[in-house]
Each structure stands twice: as C-alpha cells, then as structure tokens.
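Remarks on the structure that follows.
The values are calculated or read from the model by the stated rules, or taken from the named source; none is laboratory data. What you are looking at is a predicted structure, and each value in this text was computed from that prediction instead of being measured. Using ideal geometry, Cβ is built from the backbone for each residue, glycine included, and neighbour counts are taken over all protein chains shown.
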Amino acid sequence: MIDFKLTVLGCGSAVPNQNANPSSQLLTYRNKQFLIDCGEGTQMRMIKYKLRHRKLDHVLISHLHGDHFFGLVGLLSTYHLSGRQSVINIFAPRKLEALIGHHFQLTGTILSFPLLFHALEDYKGAFLYEDDELFVRSFPLKHSTPAWGFLLKEKEKKRRIDKAFITAHKPEVEEIKRILNGADFISNDGILLKNKTITHDPLPPRAYAYCSDTAYAPSIVKVIDRVNLLYHEATFDNSMQDKAQQRKHSTAKQAAMIAKQAGAGKLLIGHFSNSINDVGVLLKEAVEVFEHTEICREGETYPVAPTN
Ligand SMILES: [Zn+2]
C-alpha cells in the first residue's frame, strides 16, 4: 500500500474549462490528509473520484485568487450539514478568515464543528503542522498577491534493525528500542555487536512540494531541496515569457529549472493558461531542462516515492 500520495482534484488555471478544473489536491500521509487549495467544485470532484476524506482536518490555501479557494465555503457547509464535530484547521492568508466568517454570519450558520484559522503571515518558516513522522511548512512565492508554497516532508527516520540479526539473536522489545536509539548489543555468548553492524541506514525522508502560483523564484530552491515530487505551475510556454513575468506566473521551462536546481525526483506541471492549445509544447520545453517532468492529470494519484 502506498502510504504517501497525492491525488490531483484540479490543476487548471483561473478560467475553468471542460477539461480543467481549478486548483485542488488531496495529500495523504498514512492516516492523515491535507487538502491543498480548494478551487470551485473541489467537493464534487472528491465525490467523482470516490475519495474518502474523513481524516481531512487540515486545509492549506496558497493565496486569495478565486481559483484556489472558491470551493472552501461549499466544502465547509457540507461538513456542517453532515454534522461534523471534529476540528478543521485552515492555514491561509489572513483575509480569508473575515471572508469565511462573514459568509457564515450573514447566512446565520453556526458551524457544527470548531474551525481554527491560522494566518500564513504569522509563520515565517515555522512549521504549520508537526507530529512524530511528518512536518508541513510554508514558504513565500512570487505572485501578484501574497502567495505561499507548501512543503510536506517526513522527519528523519531511525536506523533499521537487520532482520537476520533479529532472527539469530531474538532481542527483547526493550533491547530493540535501545538499538534503535544507537546502542550496541551483547549476545548471549558475550560477544559485542556494534550498532552499525546490526542496523542499516534509515531510508531518506520523502517530501512533496506545491508551488502555485508563482513567477520564477529561485529563492524557493533551498526550501524544496531534493523533494521527491514537485508540483510547479507552468501557466505559459516560452513564447509567452514576457506575459509570464508581467502576470507573475511561470513558463514550463522555468518550472523545470526550479525542479532541476532543487534536485527533485519528479516534476508535475499544471495551471496552464486557456490560451495554450497544445500542452505537449509545454511538456517538451520542460523535458529539455528536466527529464522527469509529467503533465499533471486531474483524478490521478501520484506516489511520493523515493527518488531513483
Ligand atoms: Zn493566482
């Protein structure tokens, strides 16, 4: 079973069309779920793709352009109608709190669940979320309104005990804990086995990063260093580079440059302008710079897997 994965609910740009819904992604890590952006119709696509989202209690909104958050009130209303009791945490630009608050106040809705709002302006690199296995942080992007990207990354893991050692020496649970914390082991016949000889290096932490919407911003590279999976917007092709700069969006080539500089495992490009007739051109331009690029596909689930 894949324990770290991304399902794309929409990767279109500001004006929706038949083949492209506005931005939204559901990130699942073991028993946790994070919704990243919530464009119009997000909940309908969760139904369409038969996505269970009972574990969803964190929503991350990158910026306040409608194609990234117009679906949120609808989703929250549905949770209310279904009598949800558990907390929802929303991480978003500060102004969204008033906007949502006014909506429910004017419609006389007292939500059935606690809604905790966290302004992204207050974090400045601090973790938005953290537990024993995973952390989530935001980082500033370069857009026409304040916008943030998100990094969801596993924490450093412990060393792994060698299976043959376990079979041969059958250590007690307490001894296993000590070994995982770096202790050596003394066998029944008094032989000292050094920790390094009975354990393996931990698997490198896996990570996913979301970068939409943004102009080319090399400053983000250090934050998303060696992510296994990167979503980066690519609104325009090379011939529209000036427009991209003007509107604070990226070209496919620029997205690929970021992926290459970050040493990413795989790049997904999306958020294509409606003026693009052939997304194959964007893919070609990106692949020339960064081979492991794919066109982001709505309804598709992508594992956040170790980089080969
Ligand atoms: Zn935008």
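Tell me whether region 288-304 contains one or more residues that are in a helix (DSSP H, G or I) and either surrounded by fewer than 21 Cβ atoms within 10 Å (Cβ to Cβ) or basic (K, R) (or both).
So in region 288-304, the residues in a helix (DSSP H, G or I) come out as 288-289.
With either surrounded by fewer than 21 Cβ atoms within 10 Å (Cβ to Cβ) or basic (K, R) (or both) added as a condition, the list becomes 288-289.
Scanning region 288-304, I find at least one residue that is in a helix (DSSP H, G or I) and either surrounded by fewer than 21 Cβ atoms within 10 Å (Cβ to Cβ) or basic (K, R) (or both), so the answer is yes.
Picking from A264, A256, A252, which residue would you name as being more than 16 Å from the ligand (Cβ to nearest atom), under 16 Å from the mean Cα position of the chain (by Cα) and hydrophobic (A, V, I, L, M, F, W, C)? Give the steps one after another, and end with the answer.
Working: A256 fails: under 16 Å from the mean Cα position of the chain (by Cα); A252 fails: under 16 Å from the mean Cα position of the chain (by Cα).
Criteria check complete, one pass: A264.
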Per the filter on region 58-89, residues away from the ligand (no atom under 16 Å from the Cβ), aliphatic (A, V, I, L, M) and out of contact with any Asp or Glu (no Cβ under 8 Å at 6 or more places or on another chain) are V59, V73, L75, L76, L81
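Going residue by residue through region 212-222, is there one that turns out to be closer than 29 Å to I2 by Cα, under 19 Å from the mean Cα position of the chain (by Cα), modelled with pLDDT under 95 and in the same structural domain as A286 (by TED's automatic domain parsing)? Before the answer, list the steps.
Filtering region 212-222 for residues closer than 29 Å to I2 by Cα gives 212-213, 220-222.
Retained after the next criterion (residues that are under 19 Å from the mean Cα position of the chain (by Cα)): 212-213, 220-222.
Okay, now just the ones that are also modelled with pLDDT under 95, so 212-213.
Adding the requirement that they be in the same structural domain as A286 (by TED's automatic domain parsing) leaves 212-213.
Yes: region 212-222 contains one or more residues that are closer than 29 Å to I2 by Cα, under 19 Å from the mean Cα position of the chain (by Cα), modelled with pLDDT under 95 and in the same structural domain as A286 (by TED's automatic domain parsing).
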Condition set away from the ligand (no atom under 16 Å from the Cβ) and modelled with pLDDT of 80 or more, scope region 1-19, selection nearest to E233 (Cα to Cα): answer is V8
Output for Cβ contacts, cut-off 9 Å, separation at least six or different chains, first residue without any contact (Cβ under 8 Å) to a residue 12 or more places away in the chain in region 250-271, second of a type in the set (D, E, K, R), reads none
For region 114-128, pairs from a residue that is assigned by TED's automatic domain parsing to the domain that holds D37 to a residue that is polar (S, T, N, Q) and assigned to a loop (DSSP other than H, G, I, E, B), with Cβ under 9 Å and 6 or more apart or across chains, are P114/Q85; P114/S86; L120/S62
Scanning region 112-144 residue by residue, those closer than 25 Å to F4 by Cβ, more than 16 Å from the ligand (Cβ to nearest atom) and part of a loop (DSSP other than H, G, I, E, B) turn out to be Y123, G125, A126, D131, D132, E133
Listed by first then second residue, the pairs whose first member lies in region 63-84 and is more than 14 Å from Q25 (Cα to Cα), whose partner is within 16 Å of the ligand (Cβ to nearest atom) and of a type in the set (A, V, I, L, M), with beta carbons under 7 Å and at least 6 positions apart or on separate chains, are H63/A147; L64/L96; H65/A14
Subset of region 215-232, residues within 16 Å of the ligand (Cβ to nearest atom) and farther than 28 Å from E133 by Cβ, comes to A215, Y216, A217
Item to complete: Kindly check whether there is at least one residue in region 193-206 that is surrounded by 15 or more Cβ atoms within 10 Å (Cβ to Cβ), in contact with a Leu (Cβ under 7 Å, 6 or more places away or on another chain) and in contact (Cβ under 8 Å) with a residue 60 or more places away in the chain.
Response: no
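Condition first: part of a loop (DSSP other than H, G, I, E, B), surrounded by fewer than 24 Cβ atoms within 10 Å (Cβ to Cβ) and not polar (S, T, N, Q). Now tell me which residues in region 208-236 satisfy that. Break it down stepwise before answering.
Of region 208-236, the ones part of a loop (DSSP other than H, G, I, E, B) are 212-217, 221-228, 234-235.
Next, only the ones that are surrounded by fewer than 24 Cβ atoms within 10 Å (Cβ to Cβ) stay: 215-217, 221-223, 225-226, 228.
Selection gives A215, Y216, A217, V221, K222, V223, D225, R226.
Could you list, in sequence order, all residues of region 145-183 that are assigned to a loop (DSSP other than H, G, I, E, B), more than 16 Å from the ligand (Cβ to nearest atom) and either within 38 Å of the chain's Cα centre (by Cα) or within 30 Å of A255 (Cβ to Cβ) (or both)? Give the derivation first.
We begin by selecting, within region 145-183, every residue assigned to a loop (DSSP other than H, G, I, E, B); these are 145-147, 155-159, 162, 170-172, 181-183.
Subset that is more than 16 Å from the ligand (Cβ to nearest atom): 155-159, 162, 170-172, 181-183.
Across region 145-183, the qualifying residues are K155, E156, K157, K158, R159, D162, N181, G182, A183.
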